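The values are calculated or read from the model by the stated rules, or taken from the named source; none is laboratory data. If you're wondering where the values come from, they're calculated on a predicted model, not measured in any experiment. Counting neighbours? That spans all protein chains shown, and the Cβs are built from the backbone with ideal geometry, glycine included. Accessible surface is based on the protein model in full, side chains and every heavy atom, while ligands, DNA and RNA are left aside. Shrake-Rupley method; radii C 1.70, N 1.55, O 1.52, S 1.80 Å.
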Protein chains: 2
Amino acid sequence: MDFPNAALGVSSSTRNIRHLPSSTPSLPRLRPMNKHDGPTEKYEVIIIGAGPAGQMLNLLLARYGLDHHSRLCIDSKSGTVKAGQADGLQPRTLEVFQSLGLADEILSQGCQMWEFAFWNPSTTHEDTIEQTSVVPVTEGIETRYPHEVSIHQGRIERILEENLSLYSRQGIEWGCKLLHVKMDESQDSQFPVVVEVEGKNGHRRTIRCKYLVGADGAHSTVRQSMGLQLKGDSLDSIWGVVDLVVESDFPDLRRPAAIHSATGSVMIIPREKIDSGESLTRLYVQIPGDIRLNGNHEAAKGWRKSVTLDHILGHAARALRPYTLQPKEGGAVDWWAVYQIGQRMVNQFSVKDSSGMDRVFIVGDACHTHSPKAGQGMNVSMMDSFNLAWKLLYAVNGITPDAARLLDTYHIERHTVARQLIDFDHAFSSVFSGKTTTTPENVPSHGLTSDQLREVYQAGIGFISGCGIEYPESLVVNKTSQASRIPIRGTNHLSGILCPGRRLANVVLKRYADGVPRNLHDEMPYDGRFRILVFTSNDLLDPRRTSALTLTTMGHSLLPTFPDTLVEQLVIHPTLNRRFTWLDIPLIVKHYSEMRLYHGIDQVDAYAMFGVDPTKGALVVVRPDGYVGVIAELVDVSRVAEYLVGCLGMKSGGSDGTKMPPRASL
Amino acid sequence: MDFPNAALGVSSSTRNIRHLPSSTPSLPRLRPMNKHDGPTEKYEVIIIGAGPAGQMLNLLLARYGLDHHSRLCIDSKSGTVKAGQADGLQPRTLEVFQSLGLADEILSQGCQMWEFAFWNPSTTHEDTIEQTSVVPVTEGIETRYPHEVSIHQGRIERILEENLSLYSRQGIEWGCKLLHVKMDESQDSQFPVVVEVEGKNGHRRTIRCKYLVGADGAHSTVRQSMGLQLKGDSLDSIWGVVDLVVESDFPDLRRPAAIHSATGSVMIIPREKIDSGESLTRLYVQIPGDIRLNGNHEAAKGWRKSVTLDHILGHAARALRPYTLQPKEGGAVDWWAVYQIGQRMVNQFSVKDSSGMDRVFIVGDACHTHSPKAGQGMNVSMMDSFNLAWKLLYAVNGITPDAARLLDTYHIERHTVARQLIDFDHAFSSVFSGKTTTTPENVPSHGLTSDQLREVYQAGIGFISGCGIEYPESLVVNKTSQASRIPIRGTNHLSGILCPGRRLANVVLKRYADGVPRNLHDEMPYDGRFRILVFTSNDLLDPRRTSALTLTTMGHSLLPTFPDTLVEQLVIHPTLNRRFTWLDIPLIVKHYSEMRLYHGIDQVDAYAMFGVDPTKGALVVVRPDGYVGVIAELVDVSRVAEYLVGCLGMKSGGSDGTKMPPRASL
């Protein structure tokens, strides 16, 4: 409606942008940017490569507030990819995209995969297959998105690039190729990394930066320039991969399916609808043959080159008997390739300067290569960047008191994950290719049962989903205190039980101020800030007991310690013995947490899910990337303070600890 | 990951757009567009006004396939609105936006309202107020979104305009003003509507069209040119409205609240966060004074003009005692206005040519004006367009056999809704302003209890939410058959029980092909197509019983009757006595409904919710806008056929009925 008789209203200056999408507030800058002086082009961070890993890092830095004077992202390609390449997003990756406000199109237009089907040679009819089981893709995992999504990698890149335009005038510099990287501290110790690039027009230029990130893929120039090497073994099974619209009467064409047949293995991954209304299907097809070419790379290469699309489709059709499978019509094949499985990784994910500060990092395929079938590639790569981004920003903006130590944790955490990736992929690929020494007696000699594949899959589900990753002890993960001091019951971390180093699971809580059910993940978006979750005990309404005392200490002593906006407090309470108003709890709670006070036992019992005893409560610090940093008893504010001061320093710049808040019970 | 050893893949021509968001497929064109000849500028449809109603219509027509040669939308404003005006979206409107793929930003960045608080004068402390109840906003309503959302109208307009750019090279012609409309069949009976406009540069031009839609607001030039008149009464309560960031200790500031106090009424509507991180609040504030100015428009106008922002905020603060309320700081007030409540509407929503064909339509505020407090304006207006769009497209594209009769239903359906809107708003406003003759004895003479307001609100919840609208009998709503033939149990239509003329409620079903839980609304997006829902009975697996026979008749006789893609079949089955494969049901089901076959009793019992007996089943036709058109017994394919042929005609163009499919049981 309109107001035909309206008097003229006044207006404030910002309302003219109210029709635009919301953007995330940037982080404070506590150290000035070194001014560009002299003729040399300089940035604080340069990112080489704009695939999913590079774009994720570039976008996050822009969202945190690093503008285009400070940040450059180049890629030798002319734009985002159009076909093929990695296409699966795992539950944890979906959680991260959701937190960044980027999941909507992926969830609604991608192909959701909730169930995995396993097929074996028929026990009754020779030379045919039969379904042995259908299992939920994320069985036993507490996750906001209990499924995977397959979607075109080019879409992911487009979504990242589009969101960048909300935060940065300057996009990616496409068509710009990295020639060489070196460290040179003698000329300019503030900007010790020297990069030579060649732009679209063939024009070469030299650029300096404080930090360089190589997201330039399996053939990484950054990695090679810095003398780092991919190491690992290479299996010799040859596989074909095809994206196409199929015509088939195979019953499990629309769910992911692992097919083990007498003539070889096939994996089916359903993909998204295309504009014709038809759905794409991805096939991974084992190409049978002599697999004893180990070591003879030339022979293997020659064999690989001889494999045609018709071979791949022929093998697929044979493996699926008694069902038929063929491309729907001429032109139904979108893309295909032939590859050999190999798992390799780099021993060191960063290179330090002479002072011990990490200056060059590598992320994604530059660090680790592996087979595509578990759909990990794009996920682990983007999560490398997600792990590095806030640490890099904290170093650049001077937020952390010990940048070198914080940056160290990138290698500590992501190298651990890469090791798991390689190990899992090795086991999964071996079983799927039928190459293992544990073949049971009752299995035909041509391979393994898909039951074994299922076992490997389910053992790895925490890793595959991304929700079971656990980072080791470091500056940002504190887990070494006596276990009895961590007030958490239960050990099934996949079901949500809290654990330092693991990501906080999502749960729906009812917000006090407006009665709106909220997803906890939406209440603490991954925007570069730390959060303290105060799980009060059921004594909250007694001002002389622990919950109220802790909240008072938090509000009056701890929270003011840190630079504004860097630490947010969420307060969760269990069921209490009566209704309450703001006046029944410490006044300071409304000041810091008016829209962050929740009933934790409404639709779901968050206390039970997280393993918090409602009679005791707990304090939990969650890092900017959603991982639990430290857990303390409700009374133990000083433990929280110690952890946060280690990561963030203090507002005044002091660090002698005299201002550190005491235990709430004092 | 990438494929370093990949052979070169082939590519299909469409894969280059796979990285873009999906778009909705357009509808078939069965009648050629009349070529533009001669010097006169011509379109098939012209829309005057690009507020929410005009933009919704323009976007839908573009999505259905009407390109910029056929369609023009002009607006005299220079762009979308920046502040004030309508800001509430109701549950049904959210369902429609979701179906169009436009709800994500609204749901995540708007302000969700789940609970409504009612406040009364305190029974114990004079001159103060106390909370009497907090009720769910959509109590008793089965809806996908059990809440309202408040959000800037400019954002809605921006979202609609952005989506338009996916479908149409040509956007809205801003700064172009309508001068006059007339009907002139003598010169060009194909394009009988003549429009004179003045563009940005002052250049006047004359344009002809087949159909004209006036979405040009309360002062509609289209309405005035066609001699239609707004009629109704005008109450004289004066209200102030303010959007601002408040500082207040009122406990229900973050939920919508109706406050009845001794000094006047206030309504609080929480709004979305702005970029500062603060939340806007909308206040509707009753300005007390002599309300017996009825009839003396000049006096009322003078009084209105004397009301200032300070008056409004002063009255609000007084009504809220003992709580305080003030603007947060200088500049916190975003927009304010003063208005008087009035309910008026037009008797006829369209104007016919001499042949009886509707040629000029009005939608939105041009048809009906009312008070803003129930948050209906933008909703009813956009739903006017949503109702008209597919009918207009069917007429233009020659899809329907009787365009005049189909277009008639726009007035039949939306005039009914407008009448309800006016009646509801009158009742709600009267109670809220304290002007009714039913004041109980125990209530102070200065007004009413909010209990009465709550009663009016809850009686109107079906209408307010938009989910309880019921269209009357017409070509597109068939409800006159003997009630015993409609195989539906139950009458609580707000809880989801099926009823011709009401919208089909959403429910989650498990899809057979891939085991993915799907929202029924997402499976039948409002894209201009009719859907037949076959609720099979539990005899599905017996090929000689009704379910299988009906599905066979549907697939072999009925579905091929209609132009391709215009009618989709969804098949829902109850729990059966065994697992089944595609081979256990009629083969034709997979052909038409491979991705539209669902288990209807998985997480939710859809049969119970819709009132379908699992031992009997039912056939349900859903219109392109999501409203139930007809319900038939499972055996009665001919009833479905009759309804659809009336709306759509038949593929061959024949209409003698001889090809119409028989009863399934023949």
About the Cα centre, and with charges only on the beta carbon of Lys, Arg (+1) and Asp, Glu (-1), how big is the dipole of the protein assembly as shown? Nearest 20 debye, please.
980 debye
What is the extension gain from A:A459 to A:E130, computed as 0.36 nm multiplied by their sequence separation minus the C-alpha to C-alpha distance, in nm to one decimal?
116.1 nm
Short version: ³J(HN,Hα) in whole Hz for each residue of segment B:530-545, in order, from phi by Karplus 6.51 cos²θ - 1.76 cosθ + 1.60 (θ = phi - 60°), x for Gly and Pro, what are they?
7, 10, 9, 9, 9, 7, 6, 8, 7, 8, 3, 7, 9, x, 9, 9
Rounded to 5, the percent of DSSP beta bridges in the protein assembly as shown classed as antiparallel
75 percent
For B:D184 and B:T565 in the same chain, what is the full-extension length gain: residue separation times 0.36 nm, less their Cα-Cα distance, in nm?
133.5 nm
Can you list the distances in nanometres, one decimal and ascending, from the A:G490 label point to the identical position in each other copy, with the point 7 Å along Cα to Cβ?
3.3
Taking every DSSP bridge whose two residues both lie in segment B:39-153, the antiparallel percent to the nearest 5 is 75 percent
So how far, in whole Å, is the C-alpha centre of segment A:253-285 from the one of segment A:357-431?
30 Å
Count, for each residue of A:362-371, the Cβ atoms from other chains sitting within 10 Å of its Cβ, then give me the mean as a whole number.
1
Along Cα→Cβ at 7 Å, what distances in nm separate the B:E278 label point from those on the other copies, shortest first?
5.7
Dipole of the protein assembly as shown, positive end: most advanced residue of B:Y145, B:I488, A:T581 [Cβ charges, Cα centre]
B:Y145
Three principal axis lengths of chain A [C-alpha, angstrom, descending]:
76, 68, 67
What is the antiparallel percent of DSSP beta bridges lying wholly in segment B:493-648, to the nearest 5?
65 percent
Cut-off under 5 Å, modelled amide H: who pairs with B:D613 long-range
B:R489
Would you work out what percent of the accessible area of segment A:493-648, with all protein chains in place, is carbon or sulfur (probe 1.4 Å)?
51 percent
Cα Rg over Rh - segment B:493-648, Kirkwood
0.92
Relative contact order (%) - segment A:493-648, alpha-carbon pairs under 8 angstrom, separation at least six:
34 percent
Which order do the peptides A:627-633, B:559-565, B:68-74 take when ranked by the mean count of other beta-carbon atoms within 10 Å per residue, highest first?
A:627-633, B:68-74, B:559-565
Test item: Cα-centred dipole of chain A, Lys/Arg +1 and Asp/Glu -1 on Cβ, debye
1620 debye
Residues of segment B:85-110 losing 50 Å² or more of accessible area relative to the isolated chain, 1.4 Å probe, heavy atoms only?
B:D104
Computed over segment A:84-163, the relative contact order (Cα-Cα under 8 Å, seq sep at least six) in percent reads 42 percent
Residue (of B:F250, B:V534, B:P21) at the positive-pole extreme of chain B, dipole from beta-carbon charges
B:V534
Just to be sure I understand: if you take the accessible area of chain B alone plus chain A alone and subtract the pair, with a 1.4 Å probe, what total do you get in Å², rounded to 100?
6700 Å²
One computes Rg over Rh for segment A:143-221 from alpha-carbon atoms, with the Kirkwood Rh, and obtains 1.09
What residue of chain B has the nearest C-beta to the axis that moves B onto A, and what is that distance in Å, given as a whole number?
B:D104, 2
Using the beta-carbon distance between B:S78 and B:R169 and R0 = 22 Å, what value does 1/(1 + (r/R0)^6) give for FRET efficiency, to the nearest 0.05?
0.55
Largest-first principal axis extents of the Cα set of the protein assembly as shown (Å)
95, 85, 64
Cα-Cα pairs above 19 Å in segment B:520-575: how many percent?
35 percent
Suppose a student asked you for the relative contact order of segment A:344-412, using Cα pairs under 8 Å spaced at least 6 residues apart; what percent would you report?
31 percent
Mean residue ellipticity at 222 nm from the helices of chain A, using -39,500 (n - 2.57) per DSSP H segment of n ≥ 4 over the full residue count, to the nearest 500 deg cm²/dmol?
-8000 deg cm²/dmol
With label points built 7 Å along Cα→Cβ from the Cα atoms of A:D310 and B:D233, find their separation and express it in nm.
8.5 nm
Rounded to the nearest Å, what's the spacing between the alpha carbon centres of segment A:169-212 and segment B:36-71? Just the number, please.
51 Å
Can you give the accessible area per residue of chain A, in Å², using a 1.4 Å probe?
37 Å²
Which distances, shortest first and in nm, link B:D451 to the matching position in the other copies, using label points set 7 Å out along Cα to C-beta?
6.9
Residues of type lysines that A:K42 reaches as a straight line, Cα spacing below 23 Å, ignoring anything fewer than 8 places off in the same chain
A:K77, A:K177, A:K182, A:K200, A:K210, A:K352, A:K391
Listed peptides B:198-204, A:49-55 by packing density, highest first (mean Cβ within 10 Å):
A:49-55, B:198-204
Once label points are set 7 Å from the Cα along Cα→Cβ at both B:A299 and B:R31, what is their separation, rounded to one decimal in nm?
5.6 nm
